[in-house]
Amino acid sequence: MSGEPVAADGDSCRPFRERLSASDWSVLVDRGRQQILQAGDVLYIEGDHQQDVAVIDWGWAKVVTHVVDGYTAFLAVRGPGDILGEMAVLSSLPRSADVRSVEELRIIRFTHLDFLALLQSRPGISFALLGVLASRLRHADLWRVRCGSWSVEQRLTTLLVELVDTYCPKPDSFGGFSLPFSQEELGGFIGGSRKSVSRALYDLRRDGVVQTARRNLTVLLVDELRRRAGQSVG
């Protein structure tokens, strides 16, 4: 798994499932095994040699790693349609990070042999995976530039816009876009302290752009969020 904070920007951010044809997706569903994980469950463990692949059907997962002083670094967030565990299969190396469910998570799981067979027999699946890997690498480069030159508020608003655009095709019944992440997790994804993220969220809440609750953030004004992120609306 690559270690970028969020999905790629623009059209290239499309999750793995959205890059597949209907027939390729049908084959994947038929060949895989469905599994449901609860919030906080660990799907993959850093350093493990287990090799299998999962596609998120519903829910959210986070990718984290541990450094020597005990600090947990948040590397990425994965949502509906994303693929997990592909790098360990392709490289035959141990897992580079933990993957944990953020909320109830429904996945479609494949053994490494079954997944490799699908890549060989279905070119559309292979090209979809290549597209995902290329966009993640590109976004990792972009995010390094952002972390070096953008303010915490710019990084936070950009992250929220990307998550909404990538994983939330329509608002919920209350007209908002709900994202199940804590302030600590948001700070980890953008390389900002919890205090600086709290300040940025205070301004967004005050202006009615977002609403926060425990381990949840709801985007209420997407166009205003885009404006603050420096993106064009419409």
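Given the structure, is Leu75 in contact with a strand residue (DSSP E or B) (Cβ under 6 Å, 6 or more places away or on another chain), closer than 22 Å to Trp143 by Cβ and modelled with pLDDT under 90? Please lay out each step first, then the result.
Values: in contact with a strand residue (DSSP E or B) (Cβ under 6 Å, 6 or more places away or on another chain): yes; closer than 22 Å to Trp143 by Cβ: yes; modelled with pLDDT under 90: yes.
So Leu75 passes the test.
Out of Thr157, Thr72, Thr166, one residue alone is farther than 27 Å from Leu221 by Cα and of a type in the set (Val, Ile, Thr). It is Thr72. Being touching a residue at least 60 places away in the same chain (Cβ under 8 Å) and closer than 23 Å to Asp30 by Cβ, is that true of even one residue in region 87-99? Looking for residues that are touching a residue at least 60 places away in the same chain (Cβ under 8 Å) and closer than 23 Å to Asp30 by Cβ, one finds none in region 87-99, hence no. Of Leu20, Leu37, all but one fail to be assigned by TED's automatic domain parsing to the domain that holds Pro80, farther than 15 Å from Ser101 by Cα, crowded, with 17+ Cβ neighbours inside 10 Å and modelled with pLDDT of 95 or more; the exception is Leu20. When the residues of region 23-34 are filtered to those that are surrounded by 14 or more Cβ atoms within 10 Å (Cβ to Cβ) and of a type in the set (A, V, I, L, M, F, W, C), the one that is nearest to Asp165 (Cα to Cα) is Trp25. Phe115 fulfils the conditions (1) buried (at least 21 other Cβ atoms within 10 Å of the Cβ); (2) at positive phi; (3) over 18 Å from the mean Cα position of the chain (by Cα); (4) of a type outside the set (Lys, Arg) except for a single criterion, (2).
Selection within region 40-79: residues that are more than 18 Å from Glu162 (Cα to Cα) and among the small types (Gly, Ala, Ser). The member of this set that is surrounded by the fewest Cβ atoms within 10 Å (Cβ to Cβ) is Gly70.
Output the residue which, of all residues in region 141-179 that are surrounded by fewer than 18 Cβ atoms within 10 Å (Cβ to Cβ) and closer than 18 Å to Arg214 by Cβ, is modelled with the highest pLDDT. Going through the qualifying residues, I end up with Ser178.
Could you tell me how many of the residues in region 195-234 are part of a loop (DSSP other than H, G, I, E, B), surrounded by fewer than 18 Cβ atoms within 10 Å (Cβ to Cβ), under 22 Å from the mean Cα position of the chain (by Cα) and of a type in the set (Gly, Ala, Ser)?
First, pick out the residues of region 195-234 that are part of a loop (DSSP other than H, G, I, E, B): 207-209, 214-215, 220-221, 229-234.
Next, from what is left, pick out any that are surrounded by fewer than 18 Cβ atoms within 10 Å (Cβ to Cβ): 207-208, 214-215, 221, 230-234.
Adding the requirement that they be under 22 Å from the mean Cα position of the chain (by Cα) leaves 214-215, 221, 230-231.
After this cut, where a residue has to be of a type in the set (Gly, Ala, Ser) as well, the list is 230.
Number of matching residues: 1.
When you scan region 154-194, how many residues do you find that are touching a helix residue (DSSP H, G or I) at 6+ places or on another chain (Cβ under 8 Å) and outside any loop (DSSP other than H, G, I, E, B)? Within region 154-194, residues that are touching a helix residue (DSSP H, G or I) at 6+ places or on another chain (Cβ under 8 Å) and outside any loop (DSSP other than H, G, I, E, B) number 21. Scanning region 100-130 for residues that are among the small types (Gly, Ala, Ser), touching a residue at least 60 places away in the same chain (Cβ under 8 Å) and more than 29 Å from Arg214 (Cα to Cα) gives Gly124, Ala128. Kindly evaluate Phe110 against the criterion of being hydrophobic (A, V, I, L, M, F, W, C), farther than 22 Å from Arg199 by Cα and assigned to a strand (DSSP E or B). Judged against the criteria, Phe110 is a match.
The values are calculated or read from the model by the stated rules, or taken from the named source; none is laboratory data. Remember, predicted model here, so these are calculated numbers, not experimental data. Every residue, glycine among them, receives a Cβ derived from its backbone with ideal geometry; neighbour counts consider all protein chains shown.
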